[in-house]
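J.: This structure is in structure tokens; I'll ask about it shortly.
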Amino acid sequence: MFRPKVPTMPQPTGLTTPPAVVEPTAVTPHAPAPASTAVTPARNRPAVQLAPGTVLALVGGGTALVLVVGAVLVSMLLAVALTAASVAVCAITVRSVIARR
């Protein structure tokens, strides 16, 4: 039940044919398509239109993102500082205990 079944590599049977030879073909260029004569007028409005509410939402979301990332980075820095301080205190304590003996 728990024995894995290892597949065996099947042996090729029969005669194999050599691969077909591919011969290069000549490329004939065709005449370019005529350019369109209709010119579209340029648009004066921007491609993306933002409403005032959308701008406020984007600014608020960006501010929240910066604050969250900053809080995470500051907390990580604080954790590293506390760990370094506790290791330093332990090192000083061990050093003083060893010096007394």
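J.: In the range 2-43, what count of residues is obtained for those that are more than 42 Å from the chain's Cα centre (by Cα) and modelled with pLDDT under 75?
T.: Total satisfying the criteria: 12.
J.: It is to be established whether one or more residues within the range 51-74 are assigned to a loop (DSSP other than H, G, I, E, B), of a type outside the set (K, R) and modelled with pLDDT of 75 or more. Explain how you work it out, then say what you get.
T.: We begin by selecting, within the range 51-74, every residue assigned to a loop (DSSP other than H, G, I, E, B); these are 51.
Remaining after also requiring of a type outside the set (K, R): 51.
Imposing the further condition that a residue be modelled with pLDDT of 75 or more reduces the set to 51.
There is at least one residue in the range 51-74 that is assigned to a loop (DSSP other than H, G, I, E, B), of a type outside the set (K, R) and modelled with pLDDT of 75 or more.
The values are calculated or read from the model by the stated rules, or taken from the named source; none is laboratory data. Here the structure is a predicted model, which means the values were calculated and not measured.
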